[in-house]
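Read the structure below first, then the notes.
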Amino acid sequence: MDIPKDHPRYDSLVTRERLAELVKKGLVTPTGLISHGRGEAFDYLMGERTTDSALRAERAATAYLLEAKRPVICVNGNAAALDAERLISLAEATGSKMEVNIFHRTEERMAALIDYMEERGAKGILGRNADSRILGLSSYRALCTGEGIYSSDVILVPIEDGDRAEALVRMGKTVLAIDLNPLSRTSRTATVSIADEMSRALANMITFANELKNSAAERKNILKGFSNADNRKAAVGLICDHLRAAEGGR
């Protein structure tokens, strides 16, 4: 599709076209398109920008990754399709391993996603040979590697499903979620809930990683002063403010 660059929804339309193309290639599932549309709706409600609360969460999440002993960035179909390059850059900036973990799992789709990430520069991406399970899950998302998700202490889960976030928290892991819906089970469960569009969040986190990587004292101060509950309330409050403003503008 030829999308004019001056179209007010240019970025959104380009993203939708890319997701639709990757559905044809089997990397993204049709239900993943529904998930993406739901996220876009919340992005509208928050002004399609990185909010102050999202920025605080991104900074805290980056500090957690840098402080971790075994950080892992989880990748599913939508995450790979939306911004594989920034996922890889964040992993490199924070010394994190990467593992593909998907709900609609087949060996062919796992191989295709890992190949897709490797073609874009990912090194040592995990997930092909699952030898462990996330405790408490019965779906294919339970399948993971002992080297990656199972032994991680801090895990970033962009575009997340709530059941896995809950299971990871029960396993004692610090869960960092990128989810545009601050009301979701994922956002309510995670240690740090980032209510921001994934590419914007990753870009900010890469910047923070470069700023914080040599400052352990600053990282500890960030984590000491961060309250996920308060930050989620701020995100929900912003949505309410926008809705009230729209109602008053009729």
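The values are calculated or read from the model by the stated rules, or taken from the named source; none is laboratory data. All values derive from a computational prediction rather than experimental measurement. Cβ sites come from the backbone with ideal geometry, for glycine too, and all protein chains shown count toward neighbours. Note: areas computed on protein heavy atoms with side chains; ligands, DNA, RNA excluded. Shrake-Rupley method; radii C 1.70, N 1.55, O 1.52, S 1.80 Å.
Quick one: would you say Leu176 is touching a residue at least 60 places away in the same chain (Cβ under 8 Å) and aliphatic (A, V, I, L, M)?
Working: touching a residue at least 60 places away in the same chain (Cβ under 8 Å): yes; aliphatic (A, V, I, L, M): yes.
The answer is yes for Leu176.
Does Ala130 meet the test of being open to solvent by 10 Å² or more (accessible area, probe 1.4 Å), among the hydrophobic types (A, V, I, L, M, F, W, C), outside any helix (DSSP H, G or I) and farther than 19 Å from Thr186 by Cβ? When the stated conditions are applied, Ala130 passes them. Of the residues in the range 140-154, at least one is within 14 Å of the chain's Cα centre (by Cα) and either charged (D, E, K, R) or within 25 Å of Arg170 (Cβ to Cβ) (or both).
Residue-wise test of (1) in a helix (DSSP H, G or I); (2) surrounded by fewer than 24 Cβ atoms within 10 Å (Cβ to Cβ).
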| site | (1), (2) |
| --- | --- |
| Leu87 | yes, no |
| Ala93 | yes, yes |
| His104 | no, yes |
| Glu108 | yes, yes |
| Ala122 | no, yes |
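If you go through the range 50-71 and keep only what is surrounded by fewer than 18 Cβ atoms within 10 Å (Cβ to Cβ) and in contact with a Lys or Arg (Cβ under 8 Å, 6 or more places away or on another chain), you end up with just Arg70. Of the set (1) in a helix (DSSP H, G or I); (2) at pLDDT below 80, all apply to Leu27 but (1). For the range 153-250, the helices (runs of 4 or more DSSP H) that sit wholly inside it and include 3 or more residues that are open to solvent by 50 Å² or more (accessible area, probe 1.4 Å) and under 18 Å from Leu45 (Cα atoms) are 228-248. Taking each residue of the range 57-73 that is in a strand (DSSP E or B) and looking for partners that are small (Gly, Ala, Ser) with beta-carbon atoms closer than 8 Å, six or more apart or interchain, yields Pro71/Gly95; Pro71/Ser96; Pro71/Ser152; Val72/Ser96; Val72/Gly148; Val72/Ser152; Ile73/Ala91; Ile73/Ser96.
Considering only residues of the range 134-152 that are at pLDDT below 95 and open to solvent by 50 Å² or more (accessible area, probe 1.4 Å), which is nearest to Leu65 (Cα to Cα)? So the residue we want is Leu135.
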